[in-house]
1. Limited to region 112-128, what total is found for residues that are closer than 14 Å to G33 by Cα and aromatic (F, W, Y)?
2. Looking for whichever is under 30 Å from G144 (Cβ atoms), of a type in the set (A, V, I, L, M), open to solvent by 40 Å² or more (accessible area, probe 1.4 Å) and touching a strand residue (DSSP E or B) at 6+ places or on another chain (Cβ under 6 Å) here; the options are L210, L232. Which one fits?
3. Could you list, in sequence order, all residues of region 324-378 that are in contact with a strand residue (DSSP E or B) (Cβ under 6 Å, 6 or more places away or on another chain) and under 28 Å from S82 (Cβ atoms)?
4. Kindly indicate which of R252, R287 is more than 24 Å from L13 (Cβ to Cβ), in contact with a Leu (Cβ under 9 Å, 6 or more places away or on another chain) and open to solvent by 50 Å² or more (accessible area, probe 1.4 Å).
5. Please go through region 118-141 and pick out each residue that is hydrophobic (A, V, I, L, M, F, W, C) and open to solvent by less than 40 Å² (accessible area, probe 1.4 Å).
6. For the subset of region 195-207 comprising residues that are assigned to a helix (DSSP H, G or I) and not small (G, A, S), which member is most open to solvent (accessible area, probe 1.4 Å)?
7. Can you go through F168, F161, F157 and tell me which one is under 19 Å from the mean Cα position of the chain (by Cα), surrounded by fewer than 21 Cβ atoms within 10 Å (Cβ to Cβ) and of a type in the set (A, V, I, L, M, F, W, C)?
8. Among the residues of region 281-330, count how many are part of a loop (DSSP other than H, G, I, E, B) and over 21 Å from the mean Cα position of the chain (by Cα).
Amino acid sequence: MFDYATLRVIWWLILGVLLIGFAIMDGFDLGVGATFRFVGRTDEERRALLESVEPVWEGNQVWFILGGGAVFAAWPLLYAASFSGLYLAMFALLVAFILRPVGFTFRNKLAGQGWRKVWDWTLLIGGAVPALLFGVAFGNLFLGLPFHFDDLQRPVFTGGFLDLLRPFALLTGVVSLSMLVLHGSAYAALKVGEPMSGRAASVGRVAAVLFAISFIAAGAWVGGGLDGHRILSGADALGPSSPLMKTVVVTRGAWLENYRVHGVLWLAPSITLLASLAAWVLLKVGRPGAAFLSSCFTQAGTILTAGIGLFPFLMPSSTHPDQGLTVWDASSSARTLFIMLIAVIVLLPVVLAYTVWVFRVLKGRITLEEIRRHAGIY
């Protein structure tokens, strides 16, 4: 039904959809966690904020699991190179993820202020650190990661954890953190009552401004001050998955090549900025539902903007550019991609339908009055 090249592009698009789904669905969990200690000033206010995400965060994690599964099955070379070379970064990310369920479980087991304060900071770290690290990871893709393949095509990573914390990567970390704080703040403004809703809207407006500034700065850096990778020859869209058969040149501003060739693609970053501006305005005028929808477009547009810039690269190499992983040379076989595509067509609508049903059941605001009616330890 589809040739090998088409299947590879379809799975690149599916990976993008899963990343966008994760950013939208789990992003507001992370954003609420990163700010709830400041948006909520009393124990009751913080409980309200936490209870706005606690019933849904586990379901939202499905998108993260699906993304990891897609990388493992559709892009095995990418999975092997990234998870082995970035072990410490992945470990830090997973520890931060683990802090959330532990914090949810133990925070209210005791009523002591000191006890709850510890878990409040734990939950904040569990929200802010992943939000930052996701952006740092994307930034390092544009910079290229120090890896190559040996004679047996085993990935060899030659960098360390601290090498990932370069200035551009930290800037993209700010893009990610501010983007998810905006998303979480818009969600909190929609889901909890006053005074937390008003404070969340204020935090969201600040995050929207910071996002727009850092997004533009990162784009300018990519266009004018960053070396990009471009395939010169040897990449066969229908050929075998071997990253050792192409020639790559490194030139200043090459990550904007797709935008130069296809001008319509500039709609992605343009819509991203307009959506963040719309979220700022809507939060200011007290329209949190529309602001949350605008924030969803901000999440999707940011990931799409980065994906378009990188295409067809999945994981460029800074030390051996010719061995960077691309859509054309890092995938599973055509048969594997086709079988998994059938599974996605069957199962993804189930995930979407379940998600819609859950949020319909849980619609409405969480107010301080409701928190006071359920003041017992749980």
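1. Residues that pass the stated criteria total 2.
2. Result: L232 is the single residue among L210, L232 that is under 30 Å from G144 (Cβ atoms), of a type in the set (A, V, I, L, M), open to solvent by 40 Å² or more (accessible area, probe 1.4 Å) and touching a strand residue (DSSP E or B) at 6+ places or on another chain (Cβ under 6 Å).
3. G324, L325, T326, A330, listed by residue number.
4. None of the others qualify; the one that does is R252.
5. Step one: of region 118-141, the residues hydrophobic (A, V, I, L, M, F, W, C) are 118-119, 121, 123-125, 128-129, 131-134, 136-138, 141.
If the condition is that a residue be hydrophobic (A, V, I, L, M, F, W, C) and open to solvent by less than 40 Å² (accessible area, probe 1.4 Å), then L123, L124, A128, A131, L133, V136, L141 are the ones that fit.
6. V206
7. From the options F168, F161, F157, the qualifying one is F168.
8. Here the count works out to 10.
The values are calculated or read from the model by the stated rules, or taken from the named source; none is laboratory data. Given the structure is predicted, the values throughout are model-derived calculations rather than measurements. As a convention, Cβ positions derive from the backbone with ideal geometry for all residues, glycine included, and neighbour counts pool all protein chains shown. Ligands, DNA and RNA are stripped out before the accessible areas are found, and what is left, the full protein with its side chains, is counted by its heavy atoms. Shrake-Rupley method; radii C 1.70, N 1.55, O 1.52, S 1.80 Å.
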